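Asks: Structure in structure tokens, see below.
None of the figures in this text is laboratory data; all of them are computed from the coordinates on show. It should be emphasised that the depicted structure is a prediction, and the values quoted were computed from it without experimental measurement. Cβ placement follows ideal geometry from the backbone for every residue including glycine, while neighbour counts extend to all protein chains displayed.
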């Protein structure tokens, strides 16, 4: 991929990617890095873990990993939510500030990053559509939520904190008809799927 931003905004800059297995697999980062010229890319993805705290995967919850992140990154991205849906994490309310809910954990993470590193460019990426383990976009989990409910929380937080949102759920083209082509298991992107994500992410980050 060629350098696509004329201003070379990210050339020589640092980027930390927070998220789950889709991030941990390191499929999109090298492509975006080559396109935008990042000199340092830290992959902080944790496979199988949600953003929300609590439960037997608390060790890798994105809210914890992000709060332990080193300071000084120029760019930080949060790409999470599909495991919160799959693991029945409650949405909660932003007023409660409870990191054992998706809303509370996400707000805590965003505010922690912006308090410690206000100069960074933080952006929020929604989960992709999925159809694995009996959980697709129409499924309702045990907490009473659909995947779109988590997407809408991310969009609301982006609006409240003036943070850009990359809506992969709505715009990536990952859907029940294309998941067999873009993923290895109707959840995790394959090489073609990661190329799709990287292309969108590169254009998205280049304009920030």
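Asks: Tell me the relative contact order for the chain as a rounded percent, counting alpha carbon contacts under 8 Å between residues six or more apart. Don't jump to the answer; show the numbers that get you there.
Replies: Numbers: 411 pairs, mean separation 41.6, N = 208.
Computed value for the chain: 20 percent relative contact order.
Asks: Another one. Considering the alpha-carbon set of the stretch 11-89 alone, what are its Rg and its Dmax in angstrom?
Replies: 12.9, 40
Asks: Expressed in nm², what is the orientationally averaged projection area of the convex hull enclosing the Cα positions of the stretch 168-207? It would help to have the intermediate numbers written out before the result.
Replies: Details: hull surface 10.7 nm².
For the Cα atoms of the stretch 168-207, the hull's average projected area reads 2.7 nm².
Asks: Same structure again: Order by neighbour count: 56, 20, fewest other Cβ atoms within 10 Å first, most last.
Replies: Values: 56 7, 20 26.
Placing the least packed residue first, the sequence is 56, 20.
Asks: Using a 10 Å cut-off around each Cβ, can you sort 78, 91 from fewest to most neighbouring Cβ atoms? Working shown, then result.
Replies: Values: 78 27, 91 20.
Final ranking by Cβ density, sparse to dense: 91, 78.
Asks: Roughly how many Å is it from the Cα centre of the stretch 27-54 to that of the stretch 73-94, as a whole number?
Replies: The stretch 27-54 and the stretch 73-94 have Cα centres separated by 14 Å.
Asks: Another one. In the stretch 5-156, if every C-alpha pair distance is counted and binned at 5 Å from zero, what percent goes to each bin?
Replies: Bin by bin from 0 Å, the calculated values are 2, 10, 19, 22, 20, 14, 8, 5, 1, 0.
Asks: Quick one: Debye curve from the C-alpha atoms of the stretch 105-184, no solvent, what's log10 I(q)/I(0) at q = 0.20 Å⁻¹?
Replies: -0.93
Asks: Treat the count of other C-beta atoms within 10 Å as a stand-in for reagent exposure and order 180, 203 from fewest to most. Show your work: numbers first, answer last.
Replies: Working: 180 12, 203 15.
Result, fewest neighbours first: 180, 203.
Asks: Moving to a separate point now. How much mean residue ellipticity at 222 nm does the chain get from its helices, if each DSSP H run of length 4 or more adds -39500 (n - 2.57) and you divide by all residues, to the nearest 500 deg cm²/dmol?
Replies: Numbers: 9 runs with 76 residues, N = 208.
So the calculated ellipticity at 222 nm is -10000 deg cm²/dmol.
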